[in-house]
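The values are calculated or read from the model by the stated rules, or taken from the named source; none is laboratory data. Predicted model only: the values in this text are computed from it and were never measured. Because the Cβ atoms are built from the backbone with ideal geometry, glycine has one as well, and the counts that use them run over all protein chains shown. Each accessible area value is taken on the protein alone, full model and side chains, heavy atoms only, with ligands, DNA and RNA left out. Shrake-Rupley method; radii C 1.70, N 1.55, O 1.52, S 1.80 Å.
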Amino acid sequence: LQINSGGVVCGFSISEGGIKRLRKWFKSHSKSIFIILVGCSEDEIESSLDRLGVLDGKTRKMTLGMANFWRSIDVNFRVELSHTDFFNNANDKVACNIPINQFKSSPVLVKLLNRIRDLSKRDKRRGSIVFFPAIPGSGKSTLCDNINSASLGITDGRNVIVRVGDKVKGKYYALVEEEKLNDFSSIYIADKNAPTNLTWSTIERICTECNGMAIPVLPDFPALCDTTITTTIETQQGDKIKVSHNYPYSLHYLAVCMSRVLSRKPNTHIGNLDSANKTACMIVVKFYSFYRNYTKEKLIMRVCKVAGNSSQADFISVPFFACQKLPPLPDDLDSLLHEAL
């Protein structure tokens, strides 16, 4: 329904059951829901119950309570119409009996339908998803902190959505997909590390569904550069052999990211990745290891493919180090990073 811009029209009595099953939809799709209450004023409900011979006080109170419940729901649009706006005869009970010419002849209904049509129009201009093939401590949340329409110079009515991964309960990219399908033209900033091929494929699929453009954000050189780690492993037969792995990020980049994570005060990070976490450094190393067997060029080509292009110009390059020429890492730090990897 979201992909094809479709919808569902439901009609029912406010006294019917099944509200509990609808509560989830009210929360997750509030911006897409329109409620039209017909003949639900207290006087009209009392009159309808009298006409139907409903004398039980509990039933009458419950029916009035249900009307108030529908008024309290947070939705995109809600309006109340009198019974006579919809029905020729006060005794009519179902809206499906309304002839089409009655809609055309009722100024109230024509105005209402036109308003709902205007509210339902979707901005289908091409939007984007900005994502970060990075690791913890790379500074992405700092970059995203002050992003809004004003800072980006957006004046054409597009929404800017910044969604912080650590604040999302449940599946992050399921939420991204839902929000993008509800707002095609938005500039969506996915403030979450996106280190794996599975994640990139998910972003690619979401962009295809909503005609969006994926924009990767990568650090510049010397953070983004080929790194080869060679180690000696022992086989099951007892033989020792050398194995090499390639990474697209430098060990200097890894060391700085680890240092930033460790510099966070204990128990201050929403994702619990700070100096209070005894395995904080190894978590950063594990994220770094997600890029194993990717060279710089291979990584750029893969994340730019998510954007639908193979051109190396289709990503945002962000400065990471103050200068391009860095001193060698201290021997003990270099050795520890090799061992961790």
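Counting only DSSP H runs of at least 4 residues, each contributing -39500 (n - 2.57), and dividing by the residue count of the chain, the helix-based mean residue ellipticity at 222 nm comes to -12000 deg cm²/dmol.
Computed from label points 7 Å out along Cα-Cβ, the spacing between Ala150 and Met282 is 4.6 nm. In this model, which of Lys24/Lys169; Lys27/Lys180; Lys169/Lys265; Lys180/Lys296 are farther than 21 Å apart at the alpha-carbon? Checking Cα-Cα distances, Lys169/Lys265; Lys180/Lys296 exceed 21 Å. Most simply put, the stretch 185-341 has about 75% antiparallel DSSP beta bridges, counting only bridges with both residues inside it. Within the stretch 315-338, list the residues whose amide N lies under 13 Å from a label point set 7 Å along Cα→Cβ of Ile229. Hits in the stretch 315-338 for Ile229 at 13 Å: 334-338.
Antiparallel beta bridges, as assigned by DSSP with both residues in the chain, represent about 30 percent of the total such bridges. Residues Lys265, Lys305, sorted by accessible area with the largest first, give Lys265, Lys305 [1.4 Å probe; ligands and nucleic acids excluded]. With θ taken as phi - 60° and the Karplus curve 6.51 cos²θ - 1.76 cosθ + 1.60 applied, the whole-hertz 3J(HN,Hα) list for the stretch 55-69 is 10, 5, x, 5, 5, 5, 5, 5, 5, 5, x, 5, 4, 5, 4 Hz, x standing for glycine and proline.
Think of a 1.4 Å ball rolled over the protein heavy atoms: the stretch 175-266 then has 44 Å² of accessible area per residue. Please determine, in degrees from 0 to 90 and to the nearest 10, the orientation of helix 197-209 with respect to the longest principal axis defined by the Cα atoms of the chain, where the helix direction is its Cα long axis. Helix 197-209 sits roughly 40 degrees off the main axis of the chain.
Against the chain, whose longest principal axis comes from its Cα atoms, helix 331-340 is set at around 50 degrees.
Out of the total accessible area of the stretch 109-234 (probe 1.4 Å, heavy atoms of protein only), what percent is carbon and sulfur?
The value for the stretch 109-234 is 51 percent carbon and sulfur by accessible area.
Applying 1/(1 + (r/R0)^6) with R0 = 45 Å to the Cβ-Cβ distance of Asn68 and Thr295 gives a FRET efficiency near 0.10.
Measuring only protein heavy atoms, the 1.4 Å probe finds Lys298 accessible over about 100 Å². Need one number: the % of Cα-Cα pairs in the chain sitting beyond the 37 Å mark. In whole percent, the share of Cα-Cα pairs in the chain beyond 37 Å is 42. Under a cut-off of 17 Å between alpha-carbon atoms, report the aspartates and glutamates in cross-link reach of Lys242, not counting same-chain residues fewer than 8 places apart. Partners within reach: Glu234, Glu339.
Pairwise inverse Cα distances across the stretch 137-184, averaged and inverted, put the Kirkwood hydrodynamic radius at 12.4 Å. In the chain, a dipole from Cβ-located charges (positive for Lys and Arg, negative for Asp and Glu) runs towards its positive end, and of Asn193, Val285, Ser244 it is Asn193 whose Cα lies farthest in that direction. Stretching Lys27 away from Leu329 to a fully extended chain increases their span by 103.6 nm, per 0.36 nm per residue minus the current alpha-carbon distance. Comparing Cα centroids, the stretch 50-89 and the stretch 263-341 end up 58 angstrom apart. For the chain, find the longest principal axis of its Cα atoms and tell me its angle to the long axis of helix 296-306, 0 to 90°, nearest 10. Here the helix axis deviates by roughly 10 degrees.
When +1 charges are put on Lys and Arg Cβ atoms and -1 charges on Asp and Glu Cβ atoms, the dipole computed for the stretch 203-265 relative to its Cα centre reaches about 360 debye.
For the residues Asp332, Asp85, a 1.4 Å probe over the protein chains yields an accessible-area ranking, largest first, of Asp332, Asp85.
Rounded to the nearest 20, the Cβ-based charge dipole of the chain about its Cα centre (Lys and Arg +1, Asp and Glu -1) stands at 360 debye.
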